[in-house]
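Asks: Sending over a structure as structure tokens; questions will come in a sec.
The values are calculated or read from the model by the stated rules, or taken from the named source; none is laboratory data. Because the structure is a prediction, the values reported are computed rather than measured. When we count neighbours, we look across all protein chains shown, and the Cβ atoms used for this are built from the backbone with ideal geometry, even at glycine. For the accessible areas, the whole protein counts, side chains as well, though only heavy atoms, and no ligand, DNA or RNA atoms are used. Shrake-Rupley method; radii C 1.70, N 1.55, O 1.52, S 1.80 Å.
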Amino acid sequence: MTELLAQVQFQEALVSLTLIAAIATDLKYQKIFNKLTFPIMAIGSSWWIIQGQPWFGLQGLAVGFGMTFPAFALGRTLRAGDAKLMMAVGALLGPGINFRACLMMYLISIPFGLTVLAYKGRLGNLLPALRAGIGRATGQQVKDVPTTVVAYAPVIGVAVGLVYFTDWLT
């Protein structure tokens, strides 16, 4: 029991600290740094190898990549740091929690993003940005559309917290 408690406390503490650091840097610099996410991916994956479940952390990392890369590559609605943050969370918490956290992140990010766009007076840019994303996805050459940078680390933090500490999406 003590070993299980130490494991949960370690993971909760590391995920919490990682999310706090990511939120702080995303709000201040509009960037989540690789020097935060890559070591956490390595620590999470290594932790599960030590625990005798070598694929668990890697599966969580893969879920984070698979669920965030399309939004980064096609629509640029997420930035690379956001995707790598979800990969780091997955390496620590595993595929099931990370899958639900990614779903929750998307559920939260839609009204959050629309609210930010409306507040900044950029809501009219939504359809041209969607057309550009679809054009890029289909291999067409598209004209750059002005983008509005939104710090998504707070959304990720709320999503992970809701999924981890509640029974939402279970």
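Asks: DSSP loop (so not H, G, I, E, B), at most 13 other Cβ within 10 Å: list which trypsin sites (Lys or Arg not before Pro) in the range 68-170 pass both filters.
Replies: On the way: sites: Arg76, Arg79, Lys84, Arg100, Lys120, Arg122, Arg131, Arg136, Lys143; in loops: Arg76, Arg79, Lys120, Arg122, Lys143.
Listed in order of number, the matching sites are Lys120, Lys143.
Asks: So which lysines can Lys35 reach, going by Cα to Cα under 27 Å and dropping same-chain residues fewer than 8 places off?
Replies: Lys84
Asks: Let me ask something additional. Label Asp144 and Ala13 with points 7 Å out from Cα along Cα→Cβ: what is the distance between them in nm?
Replies: Going by the 7 Å Cα→Cβ label model, 4.5 nm.
Asks: By accessible area of protein heavy atoms, probe 1.4 Å, what ranking do Thr68, Thr138 get, highest first? Provide the component values of the computation, followed by the final result.
Replies: Working: Thr68 0, Thr138 90 Å².
Heavy-atom accessible area, descending, gives Thr138, Thr68.
Asks: Relative contact order, percent, of the range 22-93 when contacts are C-alpha pairs under 8 Å separated by at least 6 residues?
Replies: Numbers: 104 pairs, mean separation 28.7, N = 72.
Relative contact order comes out at 40 percent.
Asks: Among (i) 74, 36, 23; (ii) 81, 41, 29; (iii) 56, 32, 31, find the value of Cα extents along the principal axes in Å that was calculated from the structure presented, and write down its label.
Replies: Looking at Cα extents along the principal axes in Å for this model, the match is (iii).
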